[in-house]
Amino acid sequence: MLSILLIDDDPKLLDELAKQLAALIKDEAEIRLWVPTKDEADPQSTFAQKIDAGTLLVVTDYDLTAQGRTGLFGASIVGWCQARAIPVGDFSRGNSGALPKEPNLFELRVPTDAAQAAVFIAGVFRALRRNS
């Protein structure tokens with residue numbers, strides 16, 4: 001089955017985004033969630049467990065440290081996705097200045113509002129699905 005991975009360190013905001021997205025894509029894809037925490041020994045391994053060959057898109061917040069996971073930022077997620085040729089969307093509600101200013105390989109800018117983000121993510125997912 002095709003999937004989309006959503007990553008944020010704020011479970012409430014992540015759940016809201018997932019709810020909005022699920023209403024749009026219904027059963028077109030599995031929506032996977034990841035709230036990075038300090039309890040994960042190796043975040044890169046955890047990330048690798050959350051994706052598979054059916055993962056068409058990853059969407060991540062920039063700062064992923066609120067649950068005690070120090071040193072994990074969206075830039076790492078972007079790099080891991082780029083190494084696997086998985087398109088990735090960045091969003092940041094509080095630190096948009098930290099996002100890169102120039103476009104990067106397979107890197108998209110996602111609106112920060114949950115409803116707008118869900119529409120954007122659903123559109124990108126459907127475009128990727130058509131072309132995969």
Packing rank of 1-7, 30-36, 57-63, 47-53, where each peptide gets the mean count of other beta carbons within 10 Å, highest leading: 57-63, 1-7, 30-36, 47-53
Most mobile listed residue (Ser76, Ser92, Ser45) in the chain, GNM with C-alpha springs under 10 Å: Ser45
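Subtract the Cα-Cα distance of Ala22 and Gln44 from 0.36 nm times their separation in residues, and report this length gain in nm to one decimal.
Working: separation 22, 0.36 × 22 = 7.92 nm, distance 2.59 nm.
Taking Ala22 through Gln44 to full extension adds about 5.3 nm, to one decimal.
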Distant-in-sequence amide H partners of Thr65 (H built 1.01 Å from N, under 5 Å): none
Rounded Å value of the spacing that divides the Cα centres of the range 13-28 and the range 42-79: 19
Radius of gyration and maximum dimension Dmax of the chain, Cα, Å: 13.5, 38
Top of Asp42, Asp90, Asp27 by mean-square fluctuation, Gaussian network on the chain, Cα under 10 Å: Asp42
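Return a single number: how many Lys pairs in the chain, at a sequence separation of 8 or more or on separate chains, have alpha-carbon atoms below 26 angstrom apart. Working shown, then result.
Numbers: Lys12/Lys26; Lys12/Lys38; Lys12/Lys50; Lys19/Lys38; Lys19/Lys50; Lys26/Lys50; Lys38/Lys50.
Final tally of qualifying lysine pairs is 7.
Between Rg and the Kirkwood Rh of the range 17-56, both from Cα atoms, what is the Rg to Rh ratio? Please list the in-between numbers first.
Working: Rg = 12.4 Å, Rh = 11.8 Å.
That ratio is 1.05, to two decimals.
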Gly89 long-range amide H proximity, modeled H, under 5 Å: Val58, Val59, Thr60, Leu108
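A short reminder: the numbers here are calculations on the coordinates, not readings from a lab. None of these values were measured; they are calculated from a predicted model. Methodologically, a virtual Cβ is constructed for each residue, glycine included, from the backbone with ideal geometry; neighbour enumeration extends over all protein chains shown.
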